[in-house]
Amino acid sequence: MNLLPLIAYEDDFLLIIDKPAGILVHPTVKEAGNTLYDWVKAYYALKGEQATVHPVSRLDRFTSGLVVFAKEGIVQAWLDKGLFEKEYLAITECMPSEKSGIINAPIARKAGSIIERCVDPNGKEAITEYQVIQDEKHPLIKLKLHTGRTHQIRVHLAHIGCPVVGDGLYGKPAPQGRHLLHCYRLKFRHPVGEQIIEITRILPKDML
């Protein structure tokens, strides 16, 4: 993977990558060497930059879009205390009953699973705002997170009967091999200098 075309923003403190679908952000016990973390580390080495790799935002393996890395641990700590405004685009199996709205449904880990989540009245607060922006057979929906639970968008869309196309965990698999969910916009206050950073990226080819 050539990282350079994927760089959405870089300065002395931050690196923002437009992650392709299919790549893990973090190494795991079962998978290491080909994650976004590893590629960022190699990129710094190639540049001769002494930065360290600190993922601030995270995406599922098969979700594409913007991921933030801090270049120092203290910058990561500052960013973790701040608020990110994050917006996603999803292609869903069907139209919601309302073309815009707020899904306020708590999410918990599903009993018996270490991966799957579900809507559960005893779960943690989870709020997702949505708006249909293209009314097609498989509509394009813009989503804004007000909380950051694991699989939140996928769980909430499935909960209202409109799972993301290709979501084999909360809907049904599709030929493209991944769920069609993309983090296309980030807005936040820079931890050094206080300016507002806003980054947007177009949909990847498989979603277009």
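The values are calculated or read from the model by the stated rules, or taken from the named source; none is laboratory data. Keep in mind it's a predicted model, so treat the numbers as computed, not measured. Don't worry about glycine lacking a Cβ; one is built from the backbone with ideal geometry, like all the others, and counts go over all protein chains shown. Note: accessible area is taken over every heavy atom of the protein model, side chains too, but ligands, DNA and RNA are not part of it. Shrake-Rupley method; radii C 1.70, N 1.55, O 1.52, S 1.80 Å.
Could you check how many residues of region 61-75 are assigned to a helix (DSSP H, G or I) and either aromatic (Phe, Trp, Tyr) or in contact with a Pro (Cβ under 8 Å, 6 or more places away or on another chain) (or both)? Walk me through how you get there before you give the answer.
Going through region 61-75, the residues assigned to a helix (DSSP H, G or I) turn out to be 73-75.
Then drop every residue that is not either aromatic (Phe, Trp, Tyr) or in contact with a Pro (Cβ under 8 Å, 6 or more places away or on another chain) (or both), which leaves 75.
The number of residues fulfilling the criteria is 1.
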Tally, over region 128-164, of residues that are assigned to a loop (DSSP other than H, G, I, E, B), at pLDDT 95 or above and open to solvent by less than 30 Å² (accessible area, probe 1.4 Å): 4
For region 78-107, which positions are modelled with pLDDT under 95, in contact with a strand residue (DSSP E or B) (Cβ under 7 Å, 6 or more places away or on another chain) and not in a loop (DSSP other than H, G, I, E, B)? Leu79, Glu85, Lys86
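Would a scan of region 174-190 turn up a residue that is of a type in the set (Ser, Thr, Tyr), in a strand (DSSP E or B) and either closer than 26 Å to Ala77 by Cα or in contact with a Phe, Trp or Tyr (Cβ under 6 Å, 6 or more places away or on another chain) (or both)? Spell out how you get there, then give the answer.
Within region 174-190, the subset of a type in the set (Ser, Thr, Tyr) is 184.
Still in the list and also in a strand (DSSP E or B): 184.
After this cut, where a residue has to be either closer than 26 Å to Ala77 by Cα or in contact with a Phe, Trp or Tyr (Cβ under 6 Å, 6 or more places away or on another chain) (or both) as well, the list is 184.
Checked against the condition, which is being of a type in the set (Ser, Thr, Tyr), in a strand (DSSP E or B) and either closer than 26 Å to Ala77 by Cα or in contact with a Phe, Trp or Tyr (Cβ under 6 Å, 6 or more places away or on another chain) (or both), region 174-190 yields at least one hit.
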When only residues in region 91-117 that are within 21 Å of Gln131 (Cβ to Cβ), open to solvent by less than 90 Å² (accessible area, probe 1.4 Å) and among the hydroxyl-bearing types (Ser, Thr, Tyr) count, which is farthest from the chain's Cα centre (by Cα)? Ser100
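Determine, yes or no, whether Ala51 is over 30 Å from Arg178 (Cα atoms), assigned to a loop (DSSP other than H, G, I, E, B) and not hydroxyl-bearing (Ser, Thr, Tyr). Explain how you work it out, then say what you get.
Values: over 30 Å from Arg178 (Cα atoms): yes; assigned to a loop (DSSP other than H, G, I, E, B): yes; not hydroxyl-bearing (Ser, Thr, Tyr): yes.
Considered against the rule, which asks whether it is over 30 Å from Arg178 (Cα atoms), assigned to a loop (DSSP other than H, G, I, E, B) and not hydroxyl-bearing (Ser, Thr, Tyr), Ala51 comes out as yes.
Inside region 170-183, can you point out the residues that are surrounded by 21 or more Cβ atoms within 10 Å (Cβ to Cβ) and either charged (D, E, K, R) or under 30 Å from Asp12 (Cβ atoms) (or both)? Spell out how you get there, then give the answer.
Filtering region 170-183 for residues surrounded by 21 or more Cβ atoms within 10 Å (Cβ to Cβ) gives 178-183.
The answer is Arg178, His182, Cys183.
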Say we look at region 184-208 and pick out the residues that are within 16 Å of the chain's Cα centre (by Cα) and without any contact (Cβ under 8 Å) to a residue 60 or more places away in the chain; which of these is least open to solvent (accessible area, probe 1.4 Å)? Thr200
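Which of the residues belonging to region 61-82 are touching a residue at least 12 places away in the same chain (Cβ under 8 Å) and surrounded by fewer than 19 Cβ atoms within 10 Å (Cβ to Cβ)? Step through it out loud before you land on a result.
Quick first cut of region 61-82, residues touching a residue at least 12 places away in the same chain (Cβ under 8 Å) only: 61-73, 75-76, 78-80, 82.
Within region 61-82, Arg61, Glu72, Gly73, Trp78, Asp80, Gly82 meet the criteria.
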Members of region 116-163 found to be polar (S, T, N, Q) and closer than 20 Å to Phe84 by Cβ, listed by number: Thr128, Gln131, Thr147, Thr150, Gln152
What number goes with the only condition from (1) within 19 Å of Ala21 (Cα to Cα); (2) within 11 Å of the chain's Cα centre (by Cα) that Val164 does not pass? (2)
So, Thr28, is that one surrounded by 13 or more Cβ atoms within 10 Å (Cβ to Cβ) and either at pLDDT 95 or above or more than 20 Å from Tyr184 (Cβ to Cβ) (or both) or not? no
In region 31-60, the residues that are open to solvent by 70 Å² or more (accessible area, probe 1.4 Å), more than 28 Å from Ala174 (Cβ to Cβ) and charged (D, E, K, R): Lys41, Lys47
